[in-house]
Amino acid sequence: MENKEILVFKNSEKLEKSVISKWSDTAEYAIMKRGLFTVALSGGSTPVKLYKKLSGTDLNWDMTHIFIVDERFVPFNHSDSNFRMIRETLLSNINIPEQNIYPVPTEKGSSDEAARLYENDIISFFNLSSGEIPEFDLILLGLGDDGHTASLFPGSPSIHVRDRLVVSSLPPDKSMHKRVTFTFPVINNARNIFFQVTGNNKAVVVKDVLENKSSNLPAAYVKPDKGKLIFLLDRQAGALLSDRKH
């Protein structure tokens, strides 16, 4: 894939600095071309430091519109809420208009209903006709040590959905929260996709996703047709790759 780039950094600090630089360039170009910058953020523990650093970066937040890649079906103030983490680390510390923030409506009756409503929010924002797919300027993804990305888990029917933008998803462990997640058609239609991956525990799955051409892990389904895909790894996550670029 000519539009795929793999970057391995000595540590997470250098990785985060690169993400911020690439975010800034992507946002600046989008605002110049289209008058706004659309980005979808992931939760989890990996991007916490990145979001805190972003909050101190001089960016054009007035023109930035922030969506959520996936969410646990919990209230906004719940300790497991991705939106709560993103709000506390980034949104509360930047001067962004409230109407530019689009959380998943998890206060609704079911995860299926929340998925439908969020899909409608996206359709409305991008002014999509039936069957059209939004084109985000940037989607920031993480990678689970089981190979999942967003809330698209190995063996889940949601990884095969092609006629929806957002769906409800169940993690393999049924004791965990239900999820609401972007589908692969949305992810793969983005202009830019950044995978931020750190830690020794991700090295095996990183190698599988990037070097096993027959990998059936969900993250291996991220193959944008037109956009650019960048894997940003720390040294530990990239330790097993055959060809490491620093």
task: Please work out which residue is farthest from the chain's Cα centre (by Cα), limiting yourself to the range 98-116 and to residues that are without any contact (Cβ under 8 Å) to a residue 60 or more places away in the chain and crowded, with 16+ Cβ neighbours inside 10 Å.
output: LYS108
query: Do any strands (runs of 3 or more DSSP E) entirely within the range 30-124 hold 2 or more residues that are touching a Phe, Trp or Tyr at 6+ places or on another chain (Cβ under 6 Å) and not acidic (Asp, Glu), and if so, which?
result: 37-41, 64-68
Answer residue from the range 213-238, given it is surrounded by fewer than 17 Cβ atoms within 10 Å (Cβ to Cβ) and more than 16 Å from the chain's Cα centre (by Cα) and is farthest from ILE20 (Cα to Cα) among those: SER214
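Residues are listed down the side, and each one gets a yes or a no for (1) over 22 Å from ASN82 (Cβ atoms); (2) β-branched (Val, Ile, Thr):
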| residue | (1), (2) |
| --- | --- |
| SER169 | no, no |
| ILE187 | no, yes |
| ASN201 | no, no |
| VAL204 | yes, yes |
| PRO218 | no, no |
- prompt: ARG34 versus (1) surrounded by fewer than 18 Cβ atoms within 10 Å (Cβ to Cβ); (2) closer than 19 Å to LEU229 by Cα; (3) at pLDDT 95 or above; (4) of a type outside the set (Phe, Trp, Tyr): which is the lone unmet condition?
  reply: (2)
- prompt: Within the range 30-52, can one find any residue that is farther than 30 Å from VAL74 by Cβ and of a type in the set (Phe, Trp, Tyr)?
  reply: no
Residue tally, condition touching a Lys or Arg at 6+ places or on another chain (Cβ under 7 Å) and among the polar types (S, T, N, Q), over the range 63-96: 4
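The values are calculated or read from the model by the stated rules, or taken from the named source; none is laboratory data. Remember, it's a predicted structure, so these values are computed and weren't measured experimentally. Positions of Cβ are backbone-derived with ideal geometry, glycine not excepted, and every protein chain shown enters the neighbour counts.
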